[in-house]
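K.L.:
Structure incoming, see below.
The values are calculated or read from the model by the stated rules, or taken from the named source; none is laboratory data. If you're wondering where the values come from, they're calculated on a predicted model, not measured in any experiment. In this analysis, Cβ positions are derived from the backbone assuming ideal geometry, glycine residues included, and neighbour counts consider all displayed protein chains.
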Amino acid sequence: MKIILKEDVKKLGFKDDLVEVKNGFGRNYLIPRGKAILATTSAVKMLEEDIRQAKFKQDRVKQGAIEMAEKLNGLTLTIGTKAGSNGKIFGSVTSLQVAQLLKEQGYDIDRRKIVLDNDIKFLGEHKATINLHRETSVEINLNVVQE
């Protein structure tokens, strides 16, 4: 029996895969639980169209990420924070603060996409990586100064 998987099934395949399974496994387990549908000609055509549209969307998202990376390349942000006389910051600089500074400069980037190399607990120069897409990331400079 040929079926189209609607979600990842361990040791069988991934979402939108066309696989061959035994009749009982398909009818009694996969199809009733909504993990798969029967691979009719119309379902296969719809699957091909869905895959084509998803590829088109991903290409658009990737192109947008590349354009954003070009804008962010070499950007230096200055973060003002309270610190002691030895240069140690009270607390630390977080990805949320970096995201807010980027938003003030006109770049709307989610804080979860910002990765700090290590905990920023001292004044000075630091680096942060922004993962814009699975294949696209850019590194920015952070200059932490005392307020």
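K.L.:
May I ask you to say which residue of Asn118, Asn143, Asn86 is over 18 Å from Gly64 (Cβ atoms), of a type outside the set (Val, Ile, Thr) and touching a residue at least 24 places away in the same chain (Cβ under 8 Å)? Don't jump to the end; show me each part of the working.
P.N.:
Working: Asn118 fails: touching a residue at least 24 places away in the same chain (Cβ under 8 Å); Asn86 fails: touching a residue at least 24 places away in the same chain (Cβ under 8 Å).
Every option except Asn143 fails the conditions.
K.L.:
Moving on to the next point. Take the range 98-137 and flag every residue that is among the hydroxyl-bearing types (Ser, Thr, Tyr) and touching a helix residue (DSSP H, G or I) at 6+ places or on another chain (Cβ under 6 Å).
P.N.:
Across the range 98-137, the qualifying residue is only Thr136.
K.L.:
Name the residues in the range 9-33 that are modelled with pLDDT under 95 and loosely packed, with under 10 Cβ neighbours inside 10 Å, would you?
P.N.:
Once the filter is applied, which keeps residues that are modelled with pLDDT under 95 and loosely packed, with under 10 Cβ neighbours inside 10 Å, the range 9-33 yields Lys10, Lys11.
K.L.:
Something else about it: Restricting the search to the range 63-78, which residues are aliphatic (A, V, I, L, M) and in contact with a helix residue (DSSP H, G or I) (Cβ under 9 Å, 6 or more places away or on another chain)?
P.N.:
Filtering the range 63-78 for residues aliphatic (A, V, I, L, M) gives 65-66, 68-69, 72, 75, 77.
Selection gives Leu72, Leu75, Leu77.
K.L.:
Still on this model: Could you list all residues from the range 74-91 that are loosely packed, with under 15 Cβ neighbours inside 10 Å, closer than 29 Å to Thr136 by Cα and either modelled with pLDDT of 90 or more or β-branched (Val, Ile, Thr) (or both)?
P.N.:
Thr76, Thr78, Gly80
For (1) of a type in the set (Asp, Glu); (2) within 30 Å of Val19 (Cβ to Cβ); (3) touching a residue at least 24 places away in the same chain (Cβ under 8 Å), each residue gets a yes or a no:
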site: Val44; (1), (2), (3): no, yes, yes
site: Asp50; (1), (2), (3): yes, yes, yes
site: Gln53; (1), (2), (3): no, yes, no
site: Ile66; (1), (2), (3): no, no, yes
site: Thr81; (1), (2), (3): no, no, yes
site: Val98; (1), (2), (3): no, no, yes
site: Asp108; (1), (2), (3): yes, no, no
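K.L.:
Let me ask something additional. Being at negative phi and either in a loop (DSSP other than H, G, I, E, B) or surrounded by 11 or more Cβ atoms within 10 Å (Cβ to Cβ) (or both) is the requirement here; does Asp59 meet it?
P.N.:
Here the answer is no, as Asp59 does not meet what is asked.
K.L.:
Can you report the number of residues in the range 101-138 which are over 21 Å from Thr81 (Cβ atoms) and in a strand (DSSP E or B)? Break it down stepwise before answering.
P.N.:
Start the filter on the range 101-138 by keeping residues that are over 21 Å from Thr81 (Cβ atoms), which leaves 106, 108, 110, 112-113, 131-138.
Of the ones still in play, those that are also in a strand (DSSP E or B) are 131, 137-138.
Counting residues in the range 101-138 that are over 21 Å from Thr81 (Cβ atoms) and in a strand (DSSP E or B) gives 3.
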